Every structure is written in structure tokens, then in C-alpha cells.
1. List pairs: first residue in region 172-185 and among the basic types (Lys, Arg), second residue outside any helix (DSSP H, G or I) anywhere in the structure, Cβ distance under 8 angstrom, at least six positions apart or on different chains.
2. Can you find even one residue in region 46-55 that is farther than 21 Å from residue 74 by Cβ and buried (at least 18 other Cβ atoms within 10 Å of the Cβ)?
3. Looking at (1) surrounded by fewer than 19 Cβ atoms within 10 Å (Cβ to Cβ); (2) in a helix (DSSP H, G or I); (3) more than 16 Å from ligand 2 (Cβ to nearest atom), which is the only condition residue 176 fails?
4. Condition test on residue 158, is it in contact with a Phe, Trp or Tyr (Cβ under 7 Å, 6 or more places away or on another chain), within 16 Å of ligand 2 (Cβ to nearest atom) and outside any helix (DSSP H, G or I)?
5. Assess whether residue 69 counts as being buried (at least 21 other Cβ atoms within 10 Å of the Cβ), aromatic (Phe, Trp, Tyr) and within 23 Å of residue 191 (Cα to Cα).
6. Need the failing condition index for residue 2 against (1) modelled with pLDDT of 95 or more; (2) in contact with a Leu (Cβ under 9 Å, 6 or more places away or on another chain); (3) away from ligand 2 (no atom under 16 Å from the Cβ), just the number.
7. Pairs only if they're at least six apart or on different chains, beta carbon under 6 angstrom, first in region 39-61 and under 14 Å from residue 164 (Cα atoms), second of a type in the set (Ser, Thr, Tyr) and at pLDDT below 95; list them, first residue then second.
Amino acid sequence: MTVVVLLGSPGAGKGTQAPVLAEHLEVPVLASGDLLRSAVANATPLGREADRFMSRGQLVPDETIVRVFLDRLERDDAEGGAILDGFPRTRVQAEALDVALSGAGRRVDRTIFIDVPTEDLVKRMANRRICTANGHVYNLASNPPREPGLCDIDGSPIVQRPDDHEATVRARMREQIPPLLEVVDHYRKAGVLQTVDGREPIAEVSSRVLTMIDAPFAEMVAPWEPAT
Ligand code: AP5
Ligand code: MG
């Protein structure tokens, strides 16, 4: 049973690295942003509530996302563990996750903070595209699809996320990085934080993340030096 939390600012590369880790550990990716985007697309009550916050670059209220995400974590496919992408991202959420996992005799085993300076992120987000079927992530500059406009994996059209327009991206940075740094601190104090330099090319970040995951934890703990 392995629970790995991927942390990082908007655009740091969580959604890019999560499937690599998931394949390696043979556990599913649970991505809070994907859960919410699917609810928005289906116009469910959750989607209608979440859309009001997401479209302004704000976090969805803790009580809503904690309920939805912990429900998802309890499903059978996550019995053997999971990669958590986008949750927790406030201290309240991190504490709620600790309580839920400890109630089931589990805990967060590893937390990987993909560290990228804020100024690099705005440009990345402008070039990001995701596929309409499954949210597979591309970048017109650093990771384009083989056939322009179509997902390599499922062939669906790739589109820009509505919250990737520059004004919303800047709001996301402003609103979401301070609570993220509190979560980083929470896991640093818990002794389960590892940091990877997310400015490296995608394949290099993947390779470093897999090396970290395969190594005994104590050898890999490094002093915390945030670039953000
Ligand atoms: P969410 O979907 O989780 O968005 P996010 O955290 O802002 O993160 P992103 O998905 O934007 O970035 P990422 O780190 O996954 O980067 P990616 O791999 O795509 O959440 C969306 C919204 O939902 C939030 O704003 C909030 O409103 C709400 N929400 C979600 N969870 C919530 C929660 N727990 N609580 C409250 N509200 C919540 O990469 C970005 C781009 O860079 C891509 O184009 C990629 O190809 C490229 N790239 C990746 N790595 C590299 C690299 N090493 N070098 C060059 N390019 C790279
Ligand atoms: Mg993502």
C-alpha cells in the first residue's frame, strides 16, 4: 500500500509526472482537478459550485473538496494505494487526509514537491493543452502531440483549459501558492517530503522522481530549498 502525494504550484508538472509514477507503482492517479473538471463538464451540483471558484483561479472550499476527494480515495481501485495529484493543497485538507488515512491504518508514505519558480510557470501554462477525453497533458513548446491537435494516446481533440488564460493563471498563482507552501511545510515536518527540481526537462524529472521512489527514504531526504 503506497500513498504518494504530488505537490507543486499550478503548472509545475503534477499531471505530467503522475501517470509515470502510477504505472511504475501500479496504482491509480486520483487528480482533484480532473474530478472537478469532469463535474463541471457534466453540470452536476458539485460542478456548478466548483466552476464559480475555478474560473476565478480560486480554491474550491475545503469542506467540499475534502468530502469529494476522500470519497474517491475510498473506492476499491485505491485499496492498494494511489498517486494524489492536486490534493491536499491547504493545511486543513492535509490534516483531513491524515485523519482519514490513519482511521484505515494507512498514511501518506511519500510526498514529492515538484519545485518550479513562479515566473517559469505562466509561460508553461500558455502553451499547455489537454485532451478532451482523458485530460492527457501536452505542451506546444516542450511536449507537443505527434499529430497537431490530437491526443497521442486516445486520439481525442486537444484544447486549452479555460483557467489557463493569463489573467486566471496569475490569480491561481496568487491565491494558491501560499496555502501550497503551508502543505509543503506540513509534510516537511512529518518527515515525508522530497523535492525535485521541476525546471529540468520532463524525462529528467520523471527519472529523478522514479529514482526517489525506488530508494529507501532516509537516503533521499535533502534540506528543503524552495525555488518558488
Ligand atoms: P488542477 O487541475 O489540480 O490544477 P493545478 O494544481 O493548478 O495544476 P495544473 O494542472 O495547472 O498543473 P500541473 O502541475 O498538473 O502541471 P502539468 O503537468 O499540466 O486544479 C484546477 C482547479 O481546480 C484549481 O485552480 C482549483 O480551483 C480547483 N482545485 C483542484 N484541486 C483542489 C483542491 N484540492 N482544493 C481546492 N480547489 C481545488 O504541466 C503544465 C504544463 O507544463 C504542460 O503543458 C506540460 O506539458 C508542461 N510541463 C510539465 N513538466 C514540464 C517540464 N519539466 N518542462 C517543461 N514543460 C513541462
Ligand atoms: Mg494538473
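The values are calculated or read from the model by the stated rules, or taken from the named source; none is laboratory data. Values in this document were obtained by computation on a predicted structure and should not be read as measured data. Heads up, the Cβs are rebuilt from the backbone with ideal geometry, glycines too, and the neighbour counts pull from every protein chain shown.
1. Final answer for the pair search is 172/10; 172/57; 174/57.
2. Yes, the conditions are met somewhere in region 46-55.
3. (3)
4. So residue 158 passes the test.
5. no
6. (1)
7. Sorted first by the residue in region 39-61, then by its partner, the pairs are 57/168.
Yes or no, residue by residue, for (1) among the hydrophobic types (A, V, I, L, M, F, W, C); (2) under 16 Å from the mean Cα position of the chain (by Cα); (3) more than 13 Å from ligand 1 (Cβ to nearest atom); (4) closer than 14 Å to residue 15 by Cα:
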residue	(1), (2), (3), (4)
112	yes, yes, no, yes
133	yes, no, yes, no
140	yes, no, no, no
166	no, no, yes, no
